[in-house]
1. Output the number of residues of the range 51-76 satisfying the condition of being part of a helix (DSSP H, G or I) and either in contact with a helix residue (DSSP H, G or I) (Cβ under 6 Å, 6 or more places away or on another chain) or buried (at least 18 other Cβ atoms within 10 Å of the Cβ) (or both).
2. Kindly establish whether residue 228 is closer than 14 Å to residue 135 by Cβ, out of contact with any strand residue (DSSP E or B) (no Cβ under 8 Å at 6 or more places or on another chain), in contact (Cβ under 8 Å) with a residue 24 or more places away in the chain and not in a strand (DSSP E or B).
3. State yes or no: is residue 277 modelled with pLDDT of 95 or more, more than 30 Å from residue 82 (Cβ to Cβ) and not in a loop (DSSP other than H, G, I, E, B)?
4. Quick one: in the range 266-291, of everything that is without any contact (Cβ under 8 Å) to a residue 24 or more places away in the chain and within 16 Å of residue 232 (Cα to Cα), which residue is surrounded by the most Cβ atoms within 10 Å (Cβ to Cβ)?
5. Residues that are in contact (Cβ under 8 Å) with a residue 24 or more places away in the chain and either buried (at least 17 other Cβ atoms within 10 Å of the Cβ) or in contact with a helix residue (DSSP H, G or I) (Cβ under 9 Å, 6 or more places away or on another chain) (or both): list the strands (runs of 3 or more DSSP E) wholly contained in the range 142-192 that include at least 1 such residues.
6. Can you tell me which of 130, 83, 122 is crowded, with 19+ Cβ neighbours inside 10 Å and outside any helix (DSSP H, G or I)?
7. Residues that are assigned to a helix (DSSP H, G or I) and surrounded by fewer than 17 Cβ atoms within 10 Å (Cβ to Cβ): does the range 4-25 have at least one?
8. Just one of (1) closer than 19 Å to residue 98 by Cα; (2) assigned to a helix (DSSP H, G or I) trips up residue 38, so point out which.
């Protein structure tokens with residue numbers, strides 16, 4: 001359908017999951033451009049053994065494309081995590097399937113294209129780069145660290161991040177470039193500011209692609225700060241940080257207006273994490289809407305990666321996306 005609205009969603013698999021699940025209920029062509037610098041959990045273990053770009057966030061985006069009606073088991077297969085066994089415990093079945101396809105094809109992009117056909121998914125999941133990259137974190141005190149998993153360590157709490165980069169300086173995937181050039185709407189986030197969003201946006205050549213594209217660019221702001229990434233960053237700081245990296249203005253910023261329950265705020269405060277301060281209330285680019293998912297996320301005890309309790313609501317996001325489209 002040549003006249004179909006094309007939407008690109010950029011970030012990490014967990015953060016953008018509700019955006020993708022909301023979009024799939026709308027008459028649009030979805031492409032997700034996903035970070036491939038993850039180095040923790042099941043993904044990190046497989047990466048260390050096989051040497052391929054990590055697939056955890058890519059698998060999450062594939063699962064998000066599965067339709068509730070008729071494809072629920074596909075989502076369950078992709079998200080299934082082994083709870084038993086010494087060698088498989090903690091591993092995700094979807095990660096293993098994608099790693100096998102990487103091994104057979106020699107290409108992460110091709111592995112995903114085959115997976116989309118096998119599972120009959122409508123939409124594209126695209127790694128931001130085909131190279132096997134690590135995230136380098138550069139701190140304001142002049143120190144640096146390599147590995148996205150560092151951002152889950154207590155040692156990173158309180159350290160202010162200056163920039164992040166990819167090692168090696170991974171060139172943006174040509175398939176991702178083509179998707180952005182054809183897009184009518186580009187949605188960045190939500191997701192971990194440095195580990196997910198910047199890990200996509202700093203790919204070599206991405207700034208040029210986004211600067212020259214004709215699509216409207218929308219940023220979905222995170223609900224909470226991360227103690228290891230964005231401790232004192234306000235909404236304006238988040239927006240400025242992204243605009244600096246992509247070389248253009250964000251057209252619209254979507255910010256949650258739901259009240260977060262006090263018991264939940266207390267749990268987050270114990271980890272030195274708080275709601276992102278909204279200092280853009282008078283900015284005409286801002287769309288305020290109640291976006292909070294009422295049910296808390298329950299993490300598997302074998303899932304060692306950091307996961308947020310609070311998530312954006314698919315249904316509430318869909319109402320905003322309809323207006324944007």
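The values are calculated or read from the model by the stated rules, or taken from the named source; none is laboratory data. Because the structure is predicted, anything quoted here is derived from the model rather than measured. Cβ atoms come from the backbone with ideal geometry, glycine included; neighbour counts cover every protein chain shown.
1. Adding up the residues that qualify gives 12.
2. Judged against the criteria, residue 228 is a match.
3. Considered against the rule, which asks whether it is modelled with pLDDT of 95 or more, more than 30 Å from residue 82 (Cβ to Cβ) and not in a loop (DSSP other than H, G, I, E, B), residue 277 comes out as no.
4. 269
5. 161-167, 185-188
6. One residue alone meets the criteria, 130.
7. No: the range 4-25 contains no residue that is assigned to a helix (DSSP H, G or I) and surrounded by fewer than 17 Cβ atoms within 10 Å (Cβ to Cβ).
8. (2)
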